[in-house]
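The values are calculated or read from the model by the stated rules, or taken from the named source; none is laboratory data. Quick caveat: nothing in here was measured; it's all calculated off a predicted structure. Neighbour counts are summed over all protein chains in view; Cβ atoms, including those assigned to glycine, are modelled from backbone coordinates with ideal geometry.
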Amino acid sequence: MDKLIDGFFKLLEFLVVVCMVAMVIMVFGNVVLRYGFNSGITVSDEMSRYCFIWLTYIGAMVAMRDGAHLGVDTLIKKLPLGGKKFCFALSQLLMLFCNVLFLMGTYEMHELQVTNISPVVGISMIWIYGIGYVVSVVMGIINLNKLWRLFTGRVSEEELVQVMESEDQVMEDTAHEKKVAA
């Protein structure tokens, strides 16, 4: 099961790269065409904007799994273990609530977005904003998994402090690479 989940997130990371490369090619190509040849590709402006939307949401899913979102840990580090657990549970529950709201909002807007057609590309806007379904479900599952691990006692005290300094990340990556190589 872990390999399947890792594969899914590797696919998401690949999609982030694809979106970024597509944006660079479309925008740079359009700039060259406009200034060099006094023409342009109309579709590239709209498609690069859509790639940016998907890149943002897909990147948010990957960052959530990796624990790479911004945060402030000044108070959490000073709390006793019980306080850290309480704050961890509260933050996961609040994020889960936000994901439920996001899912409900995407569902409420679904019918409007299906009938709303993009002006240049001519596709249904649900292909753009439907990413809300994927993001809210994936992030909600991550929240539920973290809560389950907390309530079953499988969360270490280090994991309760959810903010990771960049130096900590480098150390963790190095340790993981050494463990994999061994």
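Conditions (1) in the same structural domain as Val155 (by TED's automatic domain parsing); (2) over 30 Å from Ser156 (Cα atoms), marked per residue:
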residue	(1), (2)
Leu55	no, yes
Val62	no, no
Leu90	yes, no
Leu93	yes, no
Phe102	yes, no
Val114	yes, yes
Val120	yes, yes
Ile123	yes, yes
Val134	yes, no
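Can you tell me which residue within segment 41-62, out of those that are of a type in the set (S, T, N, Q) and without any contact (Cβ under 8 Å) to a residue 40 or more places away in the chain, is surrounded by the most Cβ atoms within 10 Å (Cβ to Cβ)? Working first, answer last.
Taking segment 41-62 first, the residues of a type in the set (S, T, N, Q) are 42, 44, 48, 56.
Now narrow it down to the ones that are without any contact (Cβ under 8 Å) to a residue 40 or more places away in the chain: 44, 48, 56.
Numbers: Ser44: 21, Ser48: 19, Thr56: 13.
Taking the candidates together, the pick is Ser44.
Which helices (runs of 4 or more DSSP H) does segment 16-130 wholly contain that include 1 or more residues that are modelled with pLDDT of 90 or more and farther than 21 Å from Leu150 by Cβ? Don't jump to the end; show me each part of the working.
Details: elements: 42-66, 74-78, 81-115, 126-129.
Fully inside segment 16-130 and qualifying: 42-66, 81-115, 126-129.
Just to be sure before I move on: is Leu55 over 22 Å from Ser136 (Cα atoms), of a type in the set (A, V, I, L, M) and touching a helix residue (DSSP H, G or I) at 6+ places or on another chain (Cβ under 8 Å) in the structure I sent? No; evaluated as a whole, the condition is false for this residue.
Can you tell me which residue is surrounded by the fewest Cβ atoms within 10 Å (Cβ to Cβ) among those in segment 129-152 that are hydroxyl-bearing (Ser, Thr, Tyr) and within 19 Å of Gly105 (Cα to Cα)? Give the derivation first.
Our first condition is that a residue be hydroxyl-bearing (Ser, Thr, Tyr); within segment 129-152, this holds for 129, 133, 136, 152.
Now drop any that are not within 19 Å of Gly105 (Cα to Cα), which leaves 129, 133, 136.
On the way: Tyr129: 19, Tyr133: 15, Ser136: 23.
The qualifying residue surrounded by the fewest Cβ atoms within 10 Å (Cβ to Cβ) is Tyr133.
From the list Asn30, Asn38, the lone residue that is crowded, with 18+ Cβ neighbours inside 10 Å and either more than 25 Å from Met95 (Cα to Cα) or not acidic (Asp, Glu) (or both) is Asn30. For segment 100-128, what are the residues that are crowded, with 16+ Cβ neighbours inside 10 Å and over 13 Å from Met47 (Cα atoms)? Answer for segment 100-128, where residues must be crowded, with 16+ Cβ neighbours inside 10 Å and over 13 Å from Met47 (Cα atoms): Phe102, Leu103, Thr106, Met109, Gln113, Ile126.
For first residues located in segment 27-40 and assigned by TED's automatic domain parsing to the domain that holds Cys51 and free of Cβ contacts under 8 Å to residues at least 12 places away in the same chain, partners that are in a helix (DSSP H, G or I) and polar (S, T, N, Q) and lie 6+ apart or on another chain with Cβ distances below 7 Å form the pairs Gly40/Asn30. Screening the candidates Met125, Met139 for the property of being under 23 Å from Gly59 (Cβ atoms), without any contact (Cβ under 8 Å) to a residue 24 or more places away in the chain and not acidic (Asp, Glu) yields one hit, Met125. Yes or no: Val155 more than 17 Å from Ile58 (Cα to Cα), surrounded by fewer than 15 Cβ atoms within 10 Å (Cβ to Cβ) and outside the structural domain of Ala63 (by TED's automatic domain parsing)? Against the criterion (more than 17 Å from Ile58 (Cα to Cα), surrounded by fewer than 15 Cβ atoms within 10 Å (Cβ to Cβ) and outside the structural domain of Ala63 (by TED's automatic domain parsing)), Val155 does not qualify.
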